[in-house]
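Take a look at the structure below.
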Amino acid sequence: MLDKTTKTDSRIGPIGWEGQTLKEMLERSEAIFDRTGHYQGLKDLPIRTGKPILYEKIFSHLRGGLVNARSTALNISASPIVKEIGELSFALYTPEGESVALSTGIIVHVHTMSDAIKYMIRNNYEKNPGIAEGFIFCNNNSMIGDVHTADVHTLIPIFWEGELIGWAGGVTHEIDVGGIAPGSMCYGHADRYGDGLLISAELVGTDDVFHEDYLQRCRDNVRAEMYWVLDEKTRLTGCQLVRDQVFRTIEEVGIHTYKSFISEAVEEGRRTLIGRVRQLTFPGEYEAPTFIDIPWSKDETVHALARKDSMMHAPLRMKVSGDGHLSLSFDGANQWDYHSFNCSPSAMQGAMWVQLTQTLWNSDKINDGAYFASTLELPYGSWCNPDFDKVSTTLTWFFLIPAFTGFIRSLARAYFARGYLEEISASYPCTWNLTQGGGVNHFGQPSAFTNFEQSCQGTGAQYAKDGEASCAAMWNPEGDMGEIETWEHLEPLLYLGRGLKANSSGPGRYRGGCGSEALRMVFKTPGLVLFSCGEGQVFSSAGVFGGYPGNSGYRHNVHDSNIPELAAAKKPYPVLDGDPENSSISALASGREVFDENQMTGPHAFAEYDLYTAVQRGGPGLGDPLERDADSVAKDVNGGELLERYARPIYGVVLVAAGDGKAKADKTATANERQAMRKKRLERAVDARDYVAAQRGRVLEKDFIAPVRAMYASSMKLSDRWAGHFRTFWSLPDDFAF
Ligand code: MN
């Protein structure tokens, strides 16, 4: 099959269809879409309607090939993030770079690879460095097309008889990218110059073989060099398997049918999303802002330009039009800054896309069709579309994850208005703590690690059901914590324990799923640095319909611990922190404790036997907690998911002993307690007009803490529309500004 495809040397003439260059093909495709509103102008889908079985067969064939490529490639990789957690995915693209079909896995990248392919086309790679059979391209530059630096793409062109008929792409998340501090998503530096190894859609191999000078540059620049190089091979192998499957498909159905099919599949994807939006949501405009804080004014480990307290503003607006067009806008977002949480437009598109695939658009035919059925507005100069292309983007997720919770909350309201109650979710929690760091490891080697148990957080409550405990991440619907033993092999930290974290669920009529925690002990290393990464003082994922957010972060670490003495004396040692107000760590171990609510720090030094707590998040809740079934509250207490002393103040549930150390709800006392709580609420209640008037006074006096004031000032400066919106809402004078 390969012989057949290489008969014509593609480097001689244009590689597009019908003698066009690739750039001409892309421009033509975009012009046709603008003119007709259909992908490639397809008003009809002749194969899909005329030969539906053939159509489905081709799709299944290609999708099967992609899933197979992923499963095979998983076993080539040595990197635990790839092998254990499955942080890789593969996709097939049209010559112009639209995804046709994809594998399972971290599908957030399917659209970012599309951006990278289009970048190469627009920048005339066909001419220089050339696009030919057997060429291998690599990209991890988010300004070109990526989420963040750790996600590395391999892209290979697929040729058939001298014509480019598509691209195969694969992506893995690397354990280290050679940034200024160890770990795949290091932060605390000011800008891109600390981000690490940047590969900007480069030609890194020919004739299906990597250029040795490229691999050597990678080995020289990253800490976990073996994993990087093995993952290069993993991605290339997967891409080659995808290419083989395309060849097999063409052998069977013919090139003409294949070409028609890929256009129809994208157009069908576009129509599917429109149909789902029209069916499931109620037209209108929905607003759901989110915030997250960076409490760095006193953190001496971060760069001087980053050393301040600041806030992110993500004023998400979702518009659903009557004809089923979905648009999201972040107009009003505040400015980018000297931290690593800035997002490129490609990352934002990828996030929107991965949220669509888990909500409105959960059919089997998922591809870039959604891109043609939706719009995303990202204000230029803001954190989500920086006007400085040297911003740092190593931990884009820190802003991106909270920002898109507003999308899920907006969808909840849109589903509710339409009556699709079973689709409603109170959104997802953010995926931290992020345990990462590095130094000399337990094999005496320079190393770095990023622990991906963060891919298992509690899920949001649903309309008639609690969230699930510790099982998912917004960026990877197939969450997996990984085996403790695997992480211990990679990281010079032992697990003293891993378990559910009581009180992490967001309360509500239905509560969020419970989060988890792990207690780690630094072991067999002369020293390393560890990050603590979560929100500081802000709840970054709200509940819906009266439900509350899940837990926010805290830090409980012990330096110079007495664990060696405890072990020598065979005394009990802590396995989890448990209830922080009655901490097992404080009770059983001693040393220099760092115990506070600041869970967003740069890289801090740790030595052998130091303890590190990693608390993951629980999902947000839905509905009024006073409406929660009292027996369910007792069950949560008995199951260790809710601390007993919170049953009454949060849920109004009065518990009594039920034997065996278990509790049960006293129904009569609970009813009385809830009635009293409702009465108290009424007494405390303020007329909305009075409340707004009182708050307006504060706004007029600019009576906010400094980071909030700076955030609003920046939003008003970047967007006249948002500034007008803010002034109108608070009835402020036309010249009001911060
Ligand atoms: Mn990643």
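The values are calculated or read from the model by the stated rules, or taken from the named source; none is laboratory data. Remember, it's a predicted structure, so these values are computed and weren't measured experimentally. A quick note on method: Cβ atoms are made from the backbone with ideal geometry, for glycine too, and the neighbour counts reach across all protein chains shown.
Some notes on this structure:
- Any pair with Cβ under 8 angstrom, 6 or more apart, that starts in segment 59-87 at a residue that is among the acidic types (Asp, Glu) and ends at one that is away from the ligand (no atom under 16 Å from the Cβ): GLU84/GLU483; GLU84/THR486
- Unique residue being under 32 Å from the mean Cα position of the chain (by Cα) and farther than 27 Å from GLU581 by Cβ when the list is LYS717, LYS667, LYS702, LYS679: LYS717
- Apart from one condition, SER71 fits all of (1) within 16 Å of the ligand (Cβ to nearest atom); (2) assigned to a helix (DSSP H, G or I); the exception is (1).
- Any hit, segment 411-428, residues being crowded, with 24+ Cβ neighbours inside 10 Å, in contact (Cβ under 8 Å) with a residue 24 or more places away in the chain and under 24 Å from SER184 (Cβ atoms): yes
- Any hit, segment 432-444, residues being of a type in the set (Phe, Trp, Tyr), free of Cβ contacts under 8 Å to residues at least 12 places away in the same chain and surrounded by fewer than 24 Cβ atoms within 10 Å (Cβ to Cβ): yes
- Considering residues of segment 112-140 that are away from the ligand (no atom under 16 Å from the Cβ) and among the hydroxyl-bearing types (Ser, Thr, Tyr) only, the residue farthest from THR272 (Cα to Cα): TYR125
- Any hit, segment 576-589, residues being part of a strand (DSSP E or B), under 19 Å from LEU494 (Cβ atoms), at pLDDT 95 or above and of a type outside the set (Lys, Arg): no
- Selection status of ALA347, over 18 Å from the mean Cα position of the chain (by Cα), part of a helix (DSSP H, G or I) and in contact (Cβ under 8 Å) with a residue 12 or more places away in the chain: no
- Total residues in segment 184-197 satisfying the condition of being part of a loop (DSSP other than H, G, I, E, B) and either more than 12 Å from the ligand (Cβ to nearest atom) or without any contact (Cβ under 8 Å) to a residue 12 or more places away in the chain (or both): the figure is 8.
This table checks each residue for (1) under 26 Å from THR301 (Cβ atoms); (2) at pLDDT below 95.
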position	(1), (2)
PHE531	yes, no
GLU535	yes, yes
VAL538	yes, yes
GLY543	no, no
GLY547	no, no
SER552	yes, yes
ASN562	yes, no
LYS570	no, no
TYR573	no, no
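- Candidates are the residues of segment 85-111 that are within 15 Å of the ligand (Cβ to nearest atom) and of a type in the set (Gly, Ala, Ser); the one that is modelled with the highest pLDDT is SER89.
- Of the helices (runs of 4 or more DSSP H) contained entirely in segment 646-726, those carrying at least 2 residues that are of a type in the set (D, E, K, R) fall at 667-684, 688-700, 706-718.
- Among the residues of segment 141-183, those identified as within 16 Å of the ligand (Cβ to nearest atom), farther than 27 Å from ASP337 by Cα and more than 18 Å from the chain's Cα centre (by Cα) are THR154, GLY169.
- Odd one out for GLY183, checked against (1) surrounded by 23 or more Cβ atoms within 10 Å (Cβ to Cβ); (2) modelled with pLDDT of 95 or more: (2)
- The residues in segment 462-480 that are modelled with pLDDT of 90 or more and within 30 Å of ASP610 (Cβ to Cβ) can be counted, and the count is 4.
- Within segment 256-275, considering residues that are of a type in the set (Val, Ile, Thr) and touching a strand residue (DSSP E or B) at 6+ places or on another chain (Cβ under 8 Å), the one farthest from HIS38 (Cα to Cα): ILE262
- Residue count for segment 442-491 under the criterion of being under 30 Å from ARG509 (Cα atoms) and in contact with an Asp or Glu (Cβ under 8 Å, 6 or more places away or on another chain): the result is 11.
- A single member of GLY640, GLY661, GLY652 is in contact with a Lys or Arg (Cβ under 9 Å, 6 or more places away or on another chain) and on the phi > 0 side of the Ramachandran plot, and it is GLY652.
- Long-range neighbours under 7 Å by Cβ, at least six apart or interchain, first residue without any contact (Cβ under 8 Å) to a residue 24 or more places away in the chain within segment 711-738, second among the small types (Gly, Ala, Ser): MET716/ALA723; MET716/ALA737
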